[in-house]
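Note sheet for the following structure.
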Ligand code: SF4
Ligand code: SF4
């Protein structure tokens, strides 16, 4: 695809939002809430973070103010997963009628535009596509994914928890987007270098007040090189599947279990974890609802078998299930690792348990 790079002025960001809204889309993107960057419905550019950067480390996440950039943070606790695979979804509601009952199905969601997706987010979406659009298609995910418009953002800085290069998922945004923005702020002003990633992106770009990129043309490569230079953390992926499967009896599982509190944060923040449970709720007036909710392999009931109890009754067994599925048997199931190196599970683990450090120790133990 011929992809001449163009410039969108910062003052024209509102036109991008207005053009997406004119297509009937809800715009979902980053905003600051409760001291974190979260993804929510945005009305316009004023809802975006301004001059906010994040500091992350195992068990630590903080925001601080610096400069005027809109996208100078890496990833927050949420991923766009919550907009394609909602944490809670009513599958149907049945209500009594005079002649029996009426079944109400969920309304079709509006078409969405995701703003600010990083390379690791795009890689996570590609993994979830394999999960939900494979041999068995999840109609709820499919209906949200079908008309999605993605405005990606090129990372120009990385958190200390990021390790996307070793997972082959970043930091350069290279596929899976409609438009990509690289933010540039210097004495010449505040602007975005725009790259086109699809025909839908090309059609939308034609409606924007863009002008030719001249000296900024290599900004995406410069930004991603800057981000990559900041990433020291590396997952030891070489032979990792075999090493982890050879370490099922390692004493390291007991060691991590002595620190892990089984809170499930790591699975809830992970952009690729997909497990759900289904609750049926009947009220006294005879209304019946079936609701699908995110579940976690860290919950004792997750592996509960009638008559036998939980198959994985210890925290160590549950951590082993999570880590070996994510980094080893996910390859057998979906032909890819289940990890994109976003580092969320590292920052949001209250015990500061670091998936890279644990994988390194287990690989040495194999
Ligand atoms: S396992 Fe951790 S680092 Fe890997 S994708 Fe999930 S949250 Fe991100
Ligand atoms: S590894 Fe950390 S985030 Fe995951 S369940 Fe254990 S304590 Fe919670």
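The values are calculated or read from the model by the stated rules, or taken from the named source; none is laboratory data. Fair warning: this is a prediction, and the values are worked out from it, not measured in the lab. Glycine also receives a Cβ, built like all others from the backbone with ideal geometry; neighbour counts cover every protein chain displayed.
Which ones in segment 7-30 are crowded, with 20+ Cβ neighbours inside 10 Å and over 14 Å from residue 151 (Cα atoms)?
Within segment 7-30, just 7 meets the criteria.
Name the strands (runs of 3 or more DSSP E) wholly inside segment 98-158 in which the number of residues that are modelled with pLDDT under 95 and more than 16 Å from ligand 2 (Cβ to nearest atom) is 2 or more.
Output list reads 100-104.
In segment 287-307, which residues are assigned to a loop (DSSP other than H, G, I, E, B), in contact with a strand residue (DSSP E or B) (Cβ under 6 Å, 6 or more places away or on another chain) and at pLDDT below 95?
The initial filter retains those residues of segment 287-307 that are assigned to a loop (DSSP other than H, G, I, E, B), namely 287, 295-299, 306-307.
Those left that are additionally in contact with a strand residue (DSSP E or B) (Cβ under 6 Å, 6 or more places away or on another chain): 287, 295.
287, the sole residue that qualifies.
Given the criterion more than 28 Å from residue 127 (Cα to Cα) and in contact with a strand residue (DSSP E or B) (Cβ under 6 Å, 6 or more places away or on another chain), identify the matching residue among 7, 43, 37. If you could, list the steps in order and put the result at the bottom.
Details: 43 fails: in contact with a strand residue (DSSP E or B) (Cβ under 6 Å, 6 or more places away or on another chain); 37 fails: more than 28 Å from residue 127 (Cα to Cα).
The conditions single out 7.
Restricting to helices (runs of 4 or more DSSP H) lying wholly in segment 313-353: which have 1 or more residues that are farther than 17 Å from residue 167 by Cα and within 14 Å of ligand 1 (Cβ to nearest atom)? Outline the logic, then answer.
Numbers: elements: 315-324, 330-334, 344-347.
Of the helices (runs of 4 or more DSSP H) lying wholly inside segment 313-353, those with at least 1 residues that are farther than 17 Å from residue 167 by Cα and within 14 Å of ligand 1 (Cβ to nearest atom) span 315-324, 344-347.
Just the residues that are buried (at least 18 other Cβ atoms within 10 Å of the Cβ) and in contact with a helix residue (DSSP H, G or I) (Cβ under 8 Å, 6 or more places away or on another chain), please, taken from segment 259-273. Spell out how you get there, then give the answer.
Just the residues of segment 259-273 that are buried (at least 18 other Cβ atoms within 10 Å of the Cβ), to begin with: 260, 264-273.
Once the filter is applied, which keeps residues that are buried (at least 18 other Cβ atoms within 10 Å of the Cβ) and in contact with a helix residue (DSSP H, G or I) (Cβ under 8 Å, 6 or more places away or on another chain), segment 259-273 yields 260, 265, 266, 267, 269, 270, 271, 272, 273.
From the list 330, 253, which one is crowded, with 20+ Cβ neighbours inside 10 Å, within 30 Å of residue 125 (Cβ to Cβ) and not assigned by TED's automatic domain parsing to the domain that holds residue 38? Quick ask: steps written out before the conclusion?
Values: 253 fails: within 30 Å of residue 125 (Cβ to Cβ).
Unique residue meeting the criteria: 330.
Would you say residue 356 is away from ligand 1 (no atom under 14 Å from the Cβ) and outside the structural domain of residue 100 (by TED's automatic domain parsing)? Steps first, please.
Details: away from ligand 1 (no atom under 14 Å from the Cβ): no; outside the structural domain of residue 100 (by TED's automatic domain parsing): yes.
No, not satisfied.
Go over the candidates 205, 200, 249, 225 one by one and state the one that is out of contact with any strand residue (DSSP E or B) (no Cβ under 8 Å at 6 or more places or on another chain) and at pLDDT 95 or above.
On the way: 205 fails: out of contact with any strand residue (DSSP E or B) (no Cβ under 8 Å at 6 or more places or on another chain); 200 fails: out of contact with any strand residue (DSSP E or B) (no Cβ under 8 Å at 6 or more places or on another chain); 249 fails: at pLDDT 95 or above.
Result of the check over 205, 200, 249, 225: 225.
Hey, does segment 289-296 have a residue that's buried (at least 19 other Cβ atoms within 10 Å of the Cβ), in contact (Cβ under 8 Å) with a residue 12 or more places away in the chain and within 16 Å of ligand 1 (Cβ to nearest atom)?
Yes.
One line per residue, one yes/no per condition, for (1) out of contact with any helix residue (DSSP H, G or I) (no Cβ under 8 Å at 6 or more places or on another chain); (2) within 23 Å of residue 21 (Cβ to Cβ):
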position: 145; (1), (2): no, yes
position: 148; (1), (2): no, yes
position: 154; (1), (2): no, no
position: 189; (1), (2): no, no
position: 230; (1), (2): yes, no
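Regarding residue 318, is this residue in contact (Cβ under 8 Å) with a residue 24 or more places away in the chain and within 11 Å of ligand 2 (Cβ to nearest atom)? Walk me through it before giving the result.
Values: in contact (Cβ under 8 Å) with a residue 24 or more places away in the chain: yes; within 11 Å of ligand 2 (Cβ to nearest atom): yes.
Yes: the conditions hold for residue 318.
May I ask you to list the residues in segment 176-194 that are touching a residue at least 60 places away in the same chain (Cβ under 8 Å) and either on the phi > 0 side of the Ramachandran plot or assigned to a loop (DSSP other than H, G, I, E, B) (or both)?
Within segment 176-194, 177, 189 meet the criteria.
Of everything in segment 195-233, what is under 22 Å from the mean Cα position of the chain (by Cα) and part of a loop (DSSP other than H, G, I, E, B)? Give them in sequence order.
Once the filter is applied, which keeps residues that are under 22 Å from the mean Cα position of the chain (by Cα) and part of a loop (DSSP other than H, G, I, E, B), segment 195-233 yields 197, 198, 230, 231, 232, 233.
Would segment 324-346 turn up any residue that is at pLDDT 95 or above, farther than 21 Å from residue 168 by Cα and in contact with a strand residue (DSSP E or B) (Cβ under 9 Å, 6 or more places away or on another chain)?
There is no residue in segment 324-346 that is at pLDDT 95 or above, farther than 21 Å from residue 168 by Cα and in contact with a strand residue (DSSP E or B) (Cβ under 9 Å, 6 or more places away or on another chain).
Kindly indicate whether residue 348 is touching a helix residue (DSSP H, G or I) at 6+ places or on another chain (Cβ under 7 Å), surrounded by 19 or more Cβ atoms within 10 Å (Cβ to Cβ) and over 25 Å from residue 245 (Cα atoms).
yes
Given the condition buried (at least 16 other Cβ atoms within 10 Å of the Cβ), assigned by TED's automatic domain parsing to the domain that holds residue 78, touching a helix residue (DSSP H, G or I) at 6+ places or on another chain (Cβ under 8 Å) and closer than 30 Å to residue 359 by Cβ, answer yes or no: does some residue in segment 106-114 qualify?
So the first thing to find is which residues in segment 106-114 are buried (at least 16 other Cβ atoms within 10 Å of the Cβ), and the list is 111-114.
From what's left, assigned by TED's automatic domain parsing to the domain that holds residue 78: 111-114.
Now restrict to residues that are touching a helix residue (DSSP H, G or I) at 6+ places or on another chain (Cβ under 8 Å): 112-114.
Next, only the ones that are closer than 30 Å to residue 359 by Cβ stay: 114.
Yes, the conditions are met somewhere in segment 106-114.
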